[in-house]
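The values are calculated or read from the model by the stated rules, or taken from the named source; none is laboratory data. Owing to the predicted nature of the structure, the values given are computational and were not obtained by experimental measurement. Cβ placement follows ideal geometry from the backbone for every residue including glycine, while neighbour counts extend to all protein chains displayed.
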Amino acid sequence: MRWKNEHSFVNPVPASYGLEGLYRVSSAGTLVDLYLQSGSRTLELKPYGISSVATDRTMTPIVSNDFDAEGGLDVKYNLPKGLTADFTYNTDFAQVEADDEQVNLTRFNLVFPEKREFFLEGQGLFEFGGPERLLWGRPSNAPSVFFSRKIGLDSGHEIPLNLGGRLTGRLGKYTIGALNIQTGSANDIGVKSTNFSVVRLRRDILRRSTVGIIGTHRSVNLAGTGTNEVFGADASLAFFQNLSLTGFWVRSRTPGREGRDYSYRGRLENLGDRYGIEYEHLVVGEDFNPEIGFVRRRDFRRNYMQLQFTPRPTTPLIRKLRNELSFDYITTLDGRLESRQLRYLLAPEFQNGDEWWLEYNRDFEFLSKPFEIATDVVLPIGPYASESIYSAYNLGPQRPVNGWVGFIRGSFFGGTRTQVKYFGRIELSPILSVEPRISIDWINLPQGHFISKLVSGSFNYTISPRSFFSALAQYNTSTDSFSTNIRFRWEYEPGSDLFVVYTEGRQTDDRGFPVLQNRGFVVKFTRLLRF
């Protein structure tokens, strides 16, 4: 209940689970004497029609006010015994919300979450290696064997999805996920027609444990020299109430990238309400290459340990007081130190639902090659030690104005860094809200000074339970871009929609009014038929 700032459960859930208690099915209640009609409608057809006008000045030759109209079909068939088959023809994602812009001040790749409906459905069935416990704003170093954004997208350009099929569900103790997608070619950006296949099988063992295998296949690898395959196995073992042991081993096969083409991890967690400990050992080889997955960094061995102490003081102000001490040590596979971090976090959670984070970080980074952190600002090879303080306050979700306000100050690659940021939600009324996001970094380095700004705002208006209007505007100085995404959706019948979408991207690196780079206007109509 948001207005009371509390969660209510039919069955008592241990406090150590926190918000994850919402997903602990083993602690859920059991409904009895509930009559459900048999599902007679096992087949769903969802055809769509779309018309669009597009301009793209980054293409060669330039595309200007190009009109297009096409259609496609999605099919869902409910098989016996809990399996579901999905088929898609000429798949389109024009109605999907634009990605949230990010600022990258590291030498590693950014990851953007999947937002396309076809790939979001059943996404958890393809997860591999166990769940990730991530701190806010910190990406995982563990590789993803299957990352669906590698299908149908290439360097921000959409690749046509000609045909696809998916089988998901459970058969007794087995969880099954199988996916096959055939994409078309995009000659203007040098992308060939490619087939993508993923098979995931997981079996329940003991009471709350699983073991599984995964395999992926890409018919044309990124280099165009042959295929790319990945195969691996994982296990997630749960003991007692809070103790868990997870691990995986996975290997890739790509022509010209033999040798250290593997990755493996073992992780031990014992996270109770008051005390907690976590240890992880992770290895990613320099030749490990899952081309339907995502790898943030290669050629490293990581050892990580975290200790946690979270008392619950008997005071009217503080609900619990989280203390975390962690040490992260990353070397190359040949033993050279690359990254090291000592971190301490003090985070009281107040009785009103607010949180305050106070964090101290002591870091070490070794650059093995020059790193261009910003335009004309290049960091030379060598070691860099730094210290920083991070403070953030979270206004609880029960407030009409909520979200995180954060501040960072400290040394950074031989210079200094100061950051202020805010992201949250302002509820103007039950049907109208604004979600601002502001992040500004002041970077002073011996090689140069720059300011990185990321400002965005999302406007959401719920017209009725079946229709809404949203607008997203984003300004990012690190990419010199200003983009807008405006969407209208009307669900005129359950499962059947009308979408109207306008997108625009402009370049801001020149003085004067931002220069148009791309623009699109789309009208999409879908119709759900059940049999």
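Only one of ARG251, ARG257 is surrounded by 15 or more Cβ atoms within 10 Å (Cβ to Cβ), at pLDDT below 95 and over 30 Å from GLY353 (Cα atoms). Can you tell me which? After ruling out the rest, the residue left standing is ARG257. Counting only strands (runs of 3 or more DSSP E) that fall entirely inside the range 308-427 and contain at least 3 residues that are of a type outside the set (A, V, I, L, M, F, W, C), the qualifying elements are 318-331, 337-350, 355-367, 382-395, 401-412.
Which one of LEU337, LEU321, LEU333, LEU358 is surrounded by 14 or more Cβ atoms within 10 Å (Cβ to Cβ) and over 29 Å from GLU435 (Cα atoms)? None of the others qualify; the one that does is LEU333.
For the range 195-209, the criterion of being touching a His at 6+ places or on another chain (Cβ under 6 Å) and of a type outside the set (A, V, I, L, M) is met by at least one residue. Scanning the range 64-96 for residues that are touching a residue at least 24 places away in the same chain (Cβ under 8 Å), surrounded by 14 or more Cβ atoms within 10 Å (Cβ to Cβ) and in a loop (DSSP other than H, G, I, E, B) turns up ASP92, PHE93, ALA94, GLN95.
Can you name the residue in the range 267-285 that is in contact with a Phe, Trp or Tyr (Cβ under 9 Å, 6 or more places away or on another chain) and in a loop (DSSP other than H, G, I, E, B) and is also nearest to PHE196 (Cα to Cα) among such residues? Taking the candidates together, the pick is GLY285. Quick one: TYR48 ticks every box in (1) at pLDDT 85 or above; (2) surrounded by fewer than 14 Cβ atoms within 10 Å (Cβ to Cβ) except a single one, so which number is it? For TYR48, the failing item is (2).
The rows are residues; the columns are (1) at pLDDT 95 or above; (2) farther than 17 Å from ASP441 by Cβ.
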{"site": "GLN341", "(1), (2)": "yes, yes"}
{"site": "LEU345", "(1), (2)": "yes, yes"}
{"site": "PRO348", "(1), (2)": "yes, yes"}
{"site": "GLY353", "(1), (2)": "no, yes"}
{"site": "LEU358", "(1), (2)": "yes, yes"}
{"site": "PHE366", "(1), (2)": "yes, yes"}
{"site": "ALA374", "(1), (2)": "no, no"}
{"site": "ILE381", "(1), (2)": "yes, yes"}
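Considering only residues of the range 264-284 that are more than 14 Å from ARG302 (Cα to Cα) and acidic (Asp, Glu), which is surrounded by the most Cβ atoms within 10 Å (Cβ to Cβ)? Within the range 264-284, the match that is surrounded by the most Cβ atoms within 10 Å (Cβ to Cβ) is GLU269. Only one entry in LEU243, LEU271 is at pLDDT below 95, under 26 Å from GLU324 (Cα atoms), within 25 Å of the chain's Cα centre (by Cα) and among the aliphatic types (A, V, I, L, M), namely LEU271. Take ARG362 and tell me if it is over 20 Å from ASP328 (Cα atoms) and either in contact with a strand residue (DSSP E or B) (Cβ under 7 Å, 6 or more places away or on another chain) or free of Cβ contacts under 8 Å to residues at least 60 places away in the same chain (or both). No. Every condition in (1) surrounded by 15 or more Cβ atoms within 10 Å (Cβ to Cβ); (2) out of contact with any Phe, Trp or Tyr (no Cβ under 8 Å at 6 or more places or on another chain); (3) touching a residue at least 40 places away in the same chain (Cβ under 8 Å) holds for ILE426 except the one numbered (3).
You will find that of LEU179, LEU153, the residue that is aliphatic (A, V, I, L, M), modelled with pLDDT under 90 and closer than 18 Å to THR91 by Cα is LEU153 and no other. Applying the criterion of being hydrophobic (A, V, I, L, M, F, W, C) and surrounded by 16 or more Cβ atoms within 10 Å (Cβ to Cβ) to the residues of the range 214-232, the residue that is farthest from ILE277 (Cα to Cα) is VAL220. In the range 248-262, the condition of being touching a Phe, Trp or Tyr at 6+ places or on another chain (Cβ under 7 Å) and more than 12 Å from GLY285 (Cβ to Cβ) is met by at least one residue. Among the residues that make up the range 200-222, is at least one of them within 30 Å of GLN241 (Cα to Cα), small (Gly, Ala, Ser), assigned to a strand (DSSP E or B) and in contact (Cβ under 8 Å) with a residue 60 or more places away in the chain? Checked against the condition, which is being within 30 Å of GLN241 (Cα to Cα), small (Gly, Ala, Ser), assigned to a strand (DSSP E or B) and in contact (Cβ under 8 Å) with a residue 60 or more places away in the chain, the range 200-222 yields at least one hit. Against the test of being over 30 Å from THR55 (Cβ atoms), of a type in the set (Gly, Ala, Ser) and in a loop (DSSP other than H, G, I, E, B), the options GLY226, GLY177 yield a single qualifying residue, GLY226. All conditions but one from (1) touching a helix residue (DSSP H, G or I) at 6+ places or on another chain (Cβ under 9 Å); (2) within 21 Å of GLU127 (Cα to Cα); (3) surrounded by fewer than 16 Cβ atoms within 10 Å (Cβ to Cβ) apply to GLN241; the one that does not is (2).
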